[in-house]
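Input: a single structure, listed below in structure tokens.
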Amino acid sequence: MTVSEYKNQIKGKRVGVLGLGISNMPLVDFLVSAGAIVTARDKKERADALSKYEKLEKMGVRIVCGENYMQGLDDEIIFRSPGIRPDVPEIAAAVKNGAVLTSEMELFFDLCPCHIIAVTGSDGKTTTTTITSELLRAEGKTVYVGGNIGAPLLPLAEQMTPDDYAVVELSSFQLQTMKKSPERCIITNITPNHLNWHTGMDEYAEAKHNIFKYQNENGYLVTNYLYDSVKNLRSKGKTALFSNSGKPDTKTGVYVKDEVITYYDENGDVPVLDCKDIKIPGRHNVENYMAAYCVLYDIVSAETLKKVASTFGGVKHRCEFVRELDGVKYYNSSIDSSPTRTIAALSSFKEKVIVILGGYDKNIPYEPLVLPLFEHAKAAVLTGATAEKIYKAITDNSEFEKSGLEIYKESNFESAVNRARKIAKAGDTVILSPAAASFDAFENFEVRGDTFKKIVNTFQKG
């Protein structure tokens, strides 16, 4: 279906939009321009979002807000914000009464005229998405990047052509109700995450699986050989694996051979990139490049891969160098909202680091983080809602006493950053890698990372 055909279809229909976040505001504009009768519902009280609500009302949008914002939900079509579970009673009742439940991303998949490459995973999906888009651009393709990062893609669908590429990062929240899969996709890994939102690990994994579940025989899935949670997944079409250690047993894939990223198929091995040519640090970024090249092996040349790898400096808030002061280097990796992300960040450095940990509790265990902390950190500064949970996981470990790891607890984020500075000496590295989400103290991980950088950049020499 084309965008114009869809707009004609929903003209005069009663359409509800649940949640007025980044992706749904442009969605409202789109729906209003199509002549839909739009009701926007949001949990924020009127006084807390007055200018936003008044702007929408001037467009003819009905606003229902506050604690009971879902009361009376009876629209013909309902667009769910990714953060709202699809099975809340009001939504379930509306669907039972005939409402169509969808989302901005699901509609984009229905209307997008170009090639879609999607990326999901518990860790590494943003960097992998970005690398994939950089490779395509360097190859001369027209590329649109969005989904869980960047600008909403739906408003851009009309200008896309069949030869273009949309590279889309998808969260489990977005994938939860997806009924259409992209032609090519990557699952970087699946490890415990967002268990405060999902009913458990099974539901979380099933949501991730939707990225390839609806592919046909032309579909292409790329996933990680080193994770049991994903290594045995198979698309109805073609499946390839990438591996940082050892050659996978699929017909096609990418692995590291003698520190060279190597593509293989039935014709044998083809070296494509020396690991030392990758500008951004960390073994996990070798995996990110393998995943990106694996999904693009027949589109992007090895020359393009090397050009991008040697020049691309990384994504903000992901092992982002902030400054060096008094011989101490400071890195912002605020995106690290799970233990596995933090483990990957810590292993990027040769020396033991001082790490700032803690934040919003997503009900994920911290025991897997402890031994990597002993190996890669000289000190841990704990703060936020998960500070006690992390502290207990560390101190309960039988190796704690002989590990030499110093632990500090601080009541707020700024105090934690200042504490890290006080204990750091020339030659040390301080990294913000929280292993937790930001919502206990910040709107999102970007604000947390920017706050860290602001504090660090106010430090005076000496």
Would you mind classifying the stretch 3-102 by shape? Square roots of the alpha carbon gyration tensor eigenvalues, ordered a ≥ b ≥ c; an a/c under 1.5 is rounded, otherwise it is prolate if a/b is larger than b/c and oblate if not.
oblate
Straight-line reach only, C-alpha to C-alpha below 15 angstrom: list the aspartates and glutamates that Lys378 could link to, leaving out same-chain residues fewer than 8 apart.
Glu351, Glu399, Glu401, Glu406, Asp428
Could you rank the peptides 46-56, 226-236, 308-318 by their average count of other C-beta atoms within 10 Å per residue, with the highest value first?
308-318, 226-236, 46-56
Reach of Lys307 by Cα under 14 Å, taken over aspartates and glutamates that are not fewer than 8 positions away in the same chain:
Glu134, Glu139, Asp274, Asp277
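Hey, what's the Cα Rg ratio for the stretch 1-44 versus the globular rule of thumb, 2.2 N^0.38 Å?
Details: Rg = 10.7 Å, N = 44, 2.2 N^0.38 = 9.3 Å.
That ratio works out to 1.15.
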For Lys58, list the lysines whose Cα falls under 30 Å from its own Cα; do not include residues on the same chain fewer than 8 positions away.
Lys7, Lys11, Lys13, Lys43, Lys44
How would the stretch 320-458 be classified by its alpha-carbon gyration tensor: rounded, prolate or oblate, with rounded meaning a/c under 1.5 and the a/b versus b/c comparison settling the rest?
oblate
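Sort the stretch 104-164 into rounded, prolate or oblate with this rule: let a ≥ b ≥ c be the square roots of the eigenvalues of the Cα gyration tensor; rounded if a/c is under 1.5, and if a/c is not under 1.5, prolate when a/b is larger than b/c, oblate otherwise. Before the final figure, lay out each step's value.
On the way: a/c = 2.11, a/b = 1.17, b/c = 1.80.
Judged from the Cα gyration tensor, the stretch 104-164 comes out oblate (a/c at least 1.5, b/c at or above a/b).
At a threshold of 8 angstrom on Cα-Cα distance, excluding pairs fewer than six apart, so keeping six or more, what relative contact order does the stretch 111-311 reach in percent?
For the stretch 111-311, the relative contact order is 20 percent.
For the chain, compute Rh as the Kirkwood radius over C-alpha pairs and then the Stokes-Einstein diffusion coefficient at 25 °C and 0.890 mPa s; write the answer in µm²/s, rounded to an integer. Please list the in-between numbers first.
Values: Rh = 23.6 Å.
It diffuses with D of about 104 µm²/s by this estimate.
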Of 296-305, 143-152, 3-12, ordering from highest average Cβ density within 10 Å down gives 143-152, 296-305, 3-12
Quantify how much of the Cα-Cα distance distribution of the stretch 111-311 extends past 28 Å, in percent.
21 percent
Quick check on my link table: of Lys352/Lys425; Lys279/Lys402; Lys125/Lys247; Lys52/Lys96; Lys316/Lys350; Lys213/Lys316, which ones sit more than 24 Å apart, alpha carbon to alpha carbon?
Lys279/Lys402; Lys52/Lys96; Lys213/Lys316
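Express the relative contact order of the stretch 119-180 as a whole percentage, based on alpha carbon pairs under 8 Å and six or more residues apart in sequence. Can you show the working numbers first?
Values: 62 pairs, mean separation 24.4, N = 62.
It rounds to 39 percent for the stretch 119-180.
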Where does the charge balance sit around Leu170 when Lys and Arg score +1, Asp and Glu -1, over other residues with C-beta under 10 Å from its C-beta?
+1
For Leu101, the residues 5 or more places away or on another chain with a placed amide H closer than 5 Å to its own amide H are Ile78
Using only C-alpha atoms and all pairs of different ones, pull out the Kirkwood radius for the stretch 178-265 in Å with one decimal.
13.7 Å
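Below 11 angstrom from the Cβ of Ala441, what's the summed charge of the other residues (Lys, Arg +1; Asp, Glu -1)?
-2
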For Thr458 paired with Lys13, estimate the spin-label separation in nm (one decimal), with each label point 7 Å from Cα along the Cα-to-Cβ line.
5.0 nm
Could you sort the peptides 205-216, 406-417 by per-residue average Cβ neighbour count (10 Å cutoff), highest mean leading?
205-216, 406-417
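Taking every DSSP beta bridge with both residues inside the stretch 238-326, roughly what % is antiparallel (nearest 5)? Provide the component values of the computation, followed by the final result.
Numbers: 11 of 14 bridges.
If I count the DSSP bridges inside the stretch 238-326, around 80 percent turn out antiparallel.
Run lengths n ≥ 4 of DSSP H only: what is the helix-derived mean residue ellipticity at 222 nm for the chain, with -39500 (n - 2.57) per run over all residues, to the nearest 500? Please report the intermediate quantities before stating the final value.
Values: 16 runs with 153 residues, N = 462.
Roughly -9500 deg cm²/dmol at 222 nm, from the helical runs in the chain.
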Can you give the local net charge around Phe374? Use residues other than it whose beta-carbon is closer than 14 angstrom to its beta-carbon, Lys and Arg +1, Asp and Glu -1.
-3
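Laboratory data are not the source of any read-out in this text; all were calculated from the coordinates shown. Keep in mind it's a predicted model, so treat the numbers as computed, not measured. Counting neighbours? That spans all protein chains shown, and the Cβs are built from the backbone with ideal geometry, glycine included.
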